[in-house]
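Q: Have a look at this one.
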Amino acid sequence: MQSGRPAIPVLLTAEFSAQAMAAWVADHRPDVLLSSDQRHHDLLEGKQRRSLSFIHLNVNPSSNLAGVDQGHDRVGEHAAALLHLKLIQRETGVPARRDIAMLDGNWQEGKLIPEARETPALER
């Protein structure tokens, strides 16, 4: 719980639908929708869609969405470099210890974040 508001439950459903999304947004009135799938935001219509900020957790850098660009091109570059290194070192088979590379994502500004509201969502 933050700011005296109860936590908003995650919407878990076997299949997302416009009706399920609209009901969840109406019941819980979130300020922002976080998802790695834009279709979740696209299911909303009218006022709900216009008033709800959307943050994409795996945004395509060529889109106009706000969110995190995971840098898939950099991940591919690092994978190719690691494979090249393993081939040069004549390493084959399943490695005894796995190599892990951690690459930072980059924040991308977008157009689906409405202007800051003066009243908390609870008062809407």
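The values are calculated or read from the model by the stated rules, or taken from the named source; none is laboratory data. All values reported here derive from a predicted model rather than from experimental measurement. Glycine also receives a Cβ, built like all others from the backbone with ideal geometry; neighbour counts cover every protein chain displayed.
Q: Tell me which residues, restricted to segment 61-84, are under 11 Å from the mean Cα position of the chain (by Cα) and at pLDDT 90 or above.
A: 66, 67, 68, 69, 70
Q: A further question on this structure: Which of the numbered conditions does residue 37 fail, given that it passes all the others? Conditions: (1) charged (D, E, K, R); (2) surrounded by 15 or more Cβ atoms within 10 Å (Cβ to Cβ); (3) closer than 26 Å to residue 103 by Cα; (4) at pLDDT below 90.
A: Failed condition: (2).
Q: Any chance segment 30-42 includes a residue that's of a type in the set (A, V, I, L, M) and outside any strand (DSSP E or B)?
A: Step one: list which residues in segment 30-42 are of a type in the set (A, V, I, L, M), which gives 32-34.
Checking the rest, the ones that are also outside any strand (DSSP E or B) come to none.
No: segment 30-42 contains no residue that is of a type in the set (A, V, I, L, M) and outside any strand (DSSP E or B).
Q: So, in segment 26-55, exactly how many residues are over 17 Å from residue 67 (Cβ atoms) and not hydrophobic (A, V, I, L, M, F, W, C)?
A: Looking only at that region, the number is 9.
Q: Go through segment 47-100 and report how many residues are closer than 20 Å to residue 11 by Cα and either exposed (fewer than 12 other Cβ atoms within 10 Å of the Cβ) or in contact (Cβ under 8 Å) with a residue 12 or more places away in the chain (or both).
A: Summing the residues that are closer than 20 Å to residue 11 by Cα and either exposed (fewer than 12 other Cβ atoms within 10 Å of the Cβ) or in contact (Cβ under 8 Å) with a residue 12 or more places away in the chain (or both) in segment 47-100 gives 12.
Q: Within segment 2-22, is there a residue that is touching a residue at least 40 places away in the same chain (Cβ under 8 Å) and surrounded by 10 or more Cβ atoms within 10 Å (Cβ to Cβ)?
A: Yes: one or more hits.
Q: For the subset of segment 105-124 comprising residues that are part of a loop (DSSP other than H, G, I, E, B), surrounded by 12 or more Cβ atoms within 10 Å (Cβ to Cβ) and of a type outside the set (A, V, I, L, M), which member is modelled with the highest pLDDT?
A: 105
Q: Within segment 54-65, count every residue that is within 11 Å of residue 35 (Cα to Cα) and of a type outside the set (Val, Ile, Thr).
A: Summing the residues that are within 11 Å of residue 35 (Cα to Cα) and of a type outside the set (Val, Ile, Thr) in segment 54-65 gives 4.
Q: Residues in segment 80-104 that are under 27 Å from residue 58 (Cβ atoms) and in a helix (DSSP H, G or I): how many?
A: As a first pass, look at segment 80-104 and keep what is under 27 Å from residue 58 (Cβ atoms): 80-84, 98-104.
Subset that is in a helix (DSSP H, G or I): 80-84.
So the count comes out to 5.
Q: Taking segment 23-39 as the search range and keeping residues that are over 18 Å from residue 57 (Cα atoms) and touching a residue at least 12 places away in the same chain (Cβ under 8 Å), which one is farthest from the chain's Cα centre (by Cα)?
A: Going through the qualifying residues, I end up with 26.
Q: Looking at segment 72-81, is at least one residue touching a strand residue (DSSP E or B) at 6+ places or on another chain (Cβ under 7 Å) and within 26 Å of residue 32 (Cβ to Cβ)?
A: The answer is no, given that none of the residues of segment 72-81 is touching a strand residue (DSSP E or B) at 6+ places or on another chain (Cβ under 7 Å) and within 26 Å of residue 32 (Cβ to Cβ).
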